[in-house]
1. Based on the Cβ-Cβ distance from residue 50 to residue 119, what FRET efficiency comes out when R0 is 35 Å, to the nearest 0.05?
2. Taking 30 Å as R0, compute the FRET efficiency from the Cβ-Cβ separation of residue 143 and residue 29 and round it to 0.05.
3. Using a Gaussian network model of the chain with C-alpha springs under 10 Å, which one of 178, 47, 55 is most mobile by mean-square fluctuation?
4. Report the Cα-based extents of the chain along its three principal axes, largest first, to the nearest Å.
5. Spin-label point model (7 Å from Cα, Cβ direction): what's the residue 40 to residue 12 distance in nm?
6. Sticking with the crude label model, points 7 Å out along Cα→Cβ, report the distance from residue 96 to residue 166 in nm, one decimal please.
7. Please figure out what share of the DSSP beta bridges in the chain is antiparallel and state it in percent, rounded to the nearest 5.
8. Measure off 7 Å from each Cα along the Cα-to-Cβ vector at residue 129 and residue 190, then give the distance between these two points in nanometres to one decimal.
């Protein structure tokens with residue numbers, strides 16, 4: 001089995017799922033590991049892949065202005081022909097509908113021992129630009145998904161985002177930035193509704 005690392009290096013991407021799917025279509029490898037331009041692997045992947053699995057998640061350690069702000073698990077290693085990326089921003093891997101006994105969808109996921117190091121921003125100006133861009137894409141996707149914004153969401157979701165992010169990251173500036181992203185996303189959706 002072959003594995004290839006596919007990195008999104010294009011500037012001004014407006015649909016990250018389409019960009020990932022394009023890379024996957026052009027790849028000749030069975031297995032494809034997706035990284036963004038601000039990500040790298042902590043170490044080479046040396047483990048073998050199960051024949052019964054079509055996707056693997058990795059831990060992603062997030063850094064903001066050089067400071068660790070938390071981790072998440074994210075599907076990034078996928079077997080070609082077993083699914084596709086969906087959503088223009090904050091994209092997710094959606095497996096093909098392979099049914100297991102009792103009609104359940106096969107969404108089993110392995111875990112790799114390598115870690116993705118995610119450097120979200122080198123400076124605040126770039127990060128603010130990224131937030132502005134991503135919040136616009138996020139608002140468009142929310143509208144496509146028939147989500148509705150209102151004054152409650154515009155006021156209270158950013159507050160909740162700030163508190164949750166501060167508890168997890170212990171970084172006040174990062175928490176403010178995540179709250180701003182939430183505020184902009186819901187406000188931009190609100191303005192698109194009217």
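Values in this text are rule-based calculations from the coordinates and carry no lab data. Computed from a predicted model, the values in this text were never measured in an experiment. Positions of Cβ are generated from backbone atoms using ideal geometry, with glycine treated the same way; all protein chains shown enter the neighbour counts.
1. 0.70
2. The computed FRET efficiency comes out at 0.30.
3. Per the Cα network of the chain with a 10 Å cutoff, 47 tops the list.
4. 49, 38, 33
5. In this crude spin-label approximation the distance works out to 2.8 nm.
6. Each label point lies 7 Å from its Cα, and together they span 4.8 nm.
7. Restricted to the chain, the bridges split so that about 60 percent are antiparallel.
8. Label at residue 129, label at residue 190, 2.8 nm between them.
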